[in-house]
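Derivation of every value follows stated rules applied to the coordinates shown; laboratory data play no part. Keep in mind that this is a model prediction, so the values were computed, not measured. Cβ placement follows ideal geometry from the backbone for every residue including glycine, while neighbour counts extend to all protein chains displayed.
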Amino acid sequence: MAEVILGIETSCDETAAAVVAAGREVRSSVVSSQVDRHARFGGVVPEVASRAHVELIVPVVAESMVAAGAEGSDLDGVAATAGPGLIGSLLVGVSAAKALALVWDIPFVAVNHLEAHLYAALLEDPELEMPLVVLLVSGGHTLLVVMEDHGRYRLLGSTLDDAAGEAFDKVSRYLGLGYPGGPAIDELAALGDRTAYRYPRPLVQENPSTMADDRRFAFSFSGLKTAVVNHVRSDPDALTADVAASFQEAAVEVLATKLRWALESTGAPGACLGGGVAANSRLRERFGEVCDGAGVQGFLPSREMCTDNAAMVAAAGYWRLRHDGPSPLNSGADPNLGLGFLV
Ligand code: KG4
Ligand code: ZN
């Protein structure tokens, strides 16, 4: 049985490699962020990202192997993120993983990046009880998923337009706070008044039972972003810290409300957060309140585990390998890889 897996993650602007045993014991996890290379462009530039992955992939993988004290002969498989993500970036990780699988004569397993994110919390707390409601909020995705068992997930809802992190990044850019926007807004919001302006809370109504199923757990952040932009245009004297705090409050209230509804509707005994936006201070605070209010176990993974890393890829790869066996070496990367792993 495959036990020790090398995971590789290159779907966006982090080059990462990790060695994980039995899908839960992290022996090493190396993440090289490219954020400095992209900051001056105000966002991730795909060609810059692919070139950086090409430069970094060998040293990052080597460092993860050395840190774990592992050699190729100690590994039972190589997992790589095959999508969704930037195609040039994905190809670097997938090609490296296949080459290593061939050289070491061990299975290759393609991993869906979103399935990997679902494993992040379990890596830090393997005792988490399932079913587990996972609120996955990143720069590319906003999903509410019930993790019923390994490999068995139910999608409750996702965003109809912008992802939560995307809204933070766009509002930050408009306010001149820079990239990445989430941490900038979070920091400034601490100095502002979150009740200063009442921005819309899209798709959140008083009584969720009056909402159609496909809207109750759906998200929409594009209108909120536009409301903030329109307000600042019409009121240029508004304090930026108050705008940041009020925007953050609206976005977090939507996320927290849908999480509460999901816990009420599923009766799940636990919940966790995942994705880069899970680092948000106000969301972390509200998450605790929602879990306490619902009487469920809430788990907040560390920031390192919430953002892109390869330990979560190795963990998801371990379970995929046990479930479905190796992926064929002619399987490619897919920038639009969907939610087919969800039921
Ligand atoms: O999961 P992630 O590292 O990358 C992917 O998108 O897959 O998430 C990055 C996103 C960015 O949109 C960033 O602005 C947001 O997470 N983010 C935050 C915070 N830290 C990162 N958003 C709100 N508050 C934060 N403290
Ligand atoms: Zn991610």
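Quick notes
- Radius, Kirkwood style, for region 24-87 when every pair of distinct Cα atoms is counted (Å): 13.8
- Share of Cα-Cα pairs in the chain lying beyond 32 Å, as whole percent: 30
- Neighbour cut-off at most 16 other Cβ (10 Å), DSSP loop, GluC sites (Glu not before Pro), region 1-48: Glu3
- Along its principal axes, region 206-343 has C-alpha extents of 58, 35, 32 angstrom, given from the largest down.
- Proximal lysines relative to Lys170, as straight alpha-carbon distance under 30 Å, when same-chain residues fewer than 8 apart are discounted: Lys225, Lys258
- Per-residue [θ]222 nm for the chain (sum of -39500 (n - 2.57) over DSSP H runs n ≥ 4, rounded to 500): -14000 deg cm²/dmol
- Degrees between helix 113-124 axis and first principal axis of the chain (Cα, 0 to 90, nearest 10): 90
- Net charge dipole size for region 128-305 [Lys, Arg +1 and Asp, Glu -1 on Cβ; Debye, nearest 20]: 220
- Extended-chain gain in nm, criterion 0.36 nm per residue less alpha-carbon gap, Met211 and Ser281: 22.3 nm
- If R0 is 30 Å, the Cβ-Cβ spacing of Ala196 and Glu127 corresponds to a FRET efficiency of close to 0.10.
- In region 147-210, GluC sites (Glu not before Pro) in a DSSP loop with at most 12 other beta-carbon atoms within 10 Å: Glu206
- Along the chain, the longest continuous region that contains none of the trypsin sites (Lys or Arg not before Pro) in a DSSP loop with at most 14 other C-beta atoms within 10 Å is 41-197.
- Take the Cα of Ser222, step 7 Å toward its Cβ, do the same at Leu102, and the gap between the two points is 4.2 nm.
- Antiparallel beta bridges, as assigned by DSSP with both residues in the chain, represent about 60 percent of the total such bridges.
- Square roots of five times the Cα gyration tensor eigenvalues for region 128-305, Å: 28, 17, 14
- Summary of packing: across the peptides 324-334, 61-71, 239-249, the per-residue average of other C-beta atoms within 10 Å ranks them, highest first, as 239-249, 61-71, 324-334.
- Rg ratio for region 71-152: its Cα radius of gyration over 2.2 N^0.38 Å, N being its residue count, equals 1.27.
- Of all DSSP beta bridges confined to region 1-143, the antiparallel ones make up roughly 65%.
- Neighbours of Ser209, meaning other residues whose beta-carbon lies under 13 angstrom from its beta-carbon, give a summed charge of -1 when Lys and Arg score +1 and Asp and Glu score -1.
- Stokes-Einstein D (µm²/s) once Rh is taken as the Kirkwood radius of region 1-152 over alpha-carbon pairs, at 25 °C in 0.890 mPa s: 153
- Rounded to the nearest 10 degrees, the angle from helix 87-104 to the longest Cα principal axis of the chain is 30 degrees.
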